[in-house]
1. What number of residues in segment 71-83 are farther than 20 Å from R165 by Cβ and either in contact with a strand residue (DSSP E or B) (Cβ under 9 Å, 6 or more places away or on another chain) or charged (D, E, K, R) (or both)?
2. Based on what the data block shows, is V77 surrounded by 14 or more Cβ atoms within 10 Å (Cβ to Cβ), among the β-branched types (V, I, T), out of contact with any Pro (no Cβ under 7 Å at 6 or more places or on another chain) and in contact (Cβ under 8 Å) with a residue 60 or more places away in the chain?
3. Within segment 60-71, does at least one residue satisfy the condition of being under 22 Å from the mean Cα position of the chain (by Cα) and modelled with pLDDT under 85?
4. Pull out all pairs, ordered by first then second residue, where Cβ-Cβ is under 8 Å, the residues are six or more apart or on different chains, the first lies in segment 86-112 and is in contact (Cβ under 8 Å) with a residue 24 or more places away in the chain and loosely packed, with under 12 Cβ neighbours inside 10 Å, and the second is of a type in the set (K, R) and in a strand (DSSP E or B).
5. I need the full set of residues from segment 136-169 which are on the phi > 0 side of the Ramachandran plot and either free of Cβ contacts under 8 Å to residues at least 12 places away in the same chain or not in a strand (DSSP E or B) (or both), in order please.
6. Tell me which of these R119 doesn't satisfy, since it passes every other one: (1) of a type outside the set (V, I, T); (2) assigned to a loop (DSSP other than H, G, I, E, B); (3) at pLDDT below 90.
7. Taking the condition free of Cβ contacts under 8 Å to residues at least 24 places away in the same chain and either farther than 13 Å from F160 by Cβ or under 21 Å from the mean Cα position of the chain (by Cα) (or both), does T133 pass?
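The values are calculated or read from the model by the stated rules, or taken from the named source; none is laboratory data. Fair warning: this is a prediction, and the values are worked out from it, not measured in the lab. Virtual Cβ from ideal backbone geometry, glycine too; neighbours counted across all protein chains shown.
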Amino acid sequence: MNDAATTTLSGRPITGRAVLICLIVFFGMIIGINAVMMKLAIDTLPGTEVDSPYVASLAYGSEIVAARAQVARGWAVNAQVNRDGDGGASVRVEALDRDARPLAGIVFAARLERPADRRLDQVVELAATGSATYRGRVAQLSAGQWDLVLEGDRNGERVFLSRNRVVLK
């Protein structure tokens with residue numbers, strides 16, 4: 001057997017103990033790094049879209065019926081989100097029926113949801129400023145992608161739902 005193959009560069013021979021220690025250190029580092037990365041991933045998990053997919057699937061049929069009823073109404077609801085220079089944002093909603101008349105008896109609510117992190121979601125208090133116009137403001141809103149969720153209620157029943165992706169600069 002060649003002596004050069006069984007010695008290290010320092011001239012000491014490679015023993016079974018040295019190989020065992022190297023393997024334990026190597027796999028220990030791999031397992032340690034994986035454990036740290038797994039812990040960080042779980043701690044920063046923003047959550048799920050729905051708390052219970054089963055309950056959401058049961059409500060899916062009623063959501064389809066509500067969406068068809070919303071389309072049949074023929075309402076024109078337009079929303080704008082503008083980010084201000086001070087880091088805030090203003091939301092403007094204009095709601096008209098199929099005959100271009102202001103919607104009456106509808107209470108609108110808005111949310112700005114961060115697609116990647118539910119913890120950053122912002123509720124926007126909308127107030128009627130005209131016969132068909134609602135306005136709201138958020139004090140601090142970072143730039144990037146947001147989902148604007150508009151809900152319209154009449155007598156405690158949701159009659160309008162819209163979800164639109166907006167990019168704020």
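1. 2
2. On the way: surrounded by 14 or more Cβ atoms within 10 Å (Cβ to Cβ): yes; among the β-branched types (V, I, T): yes; out of contact with any Pro (no Cβ under 7 Å at 6 or more places or on another chain): yes; in contact (Cβ under 8 Å) with a residue 60 or more places away in the chain: yes.
When the stated conditions are applied, V77 passes them.
3. The answer is no; no qualifying residue exists.
4. G105/R154
5. N155, G156
6. R119 satisfies all of (1) of a type outside the set (V, I, T); (2) assigned to a loop (DSSP other than H, G, I, E, B); (3) at pLDDT below 90 except (2).
7. Working: free of Cβ contacts under 8 Å to residues at least 24 places away in the same chain: no; either farther than 13 Å from F160 by Cβ or under 21 Å from the mean Cα position of the chain (by Cα) (or both): yes.
Considered against the rule, which asks whether it is free of Cβ contacts under 8 Å to residues at least 24 places away in the same chain and either farther than 13 Å from F160 by Cβ or under 21 Å from the mean Cα position of the chain (by Cα) (or both), T133 comes out as no.
Okay, residues lined up against (1) assigned to a strand (DSSP E or B); (2) of a type outside the set (S, T, Y):
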| site | (1), (2) |
| --- | --- |
| N78 | yes, yes |
| V81 | yes, yes |
| G87 | no, yes |
| S90 | yes, no |
| V93 | yes, yes |
| A100 | no, yes |
| A110 | yes, yes |
| P115 | no, yes |
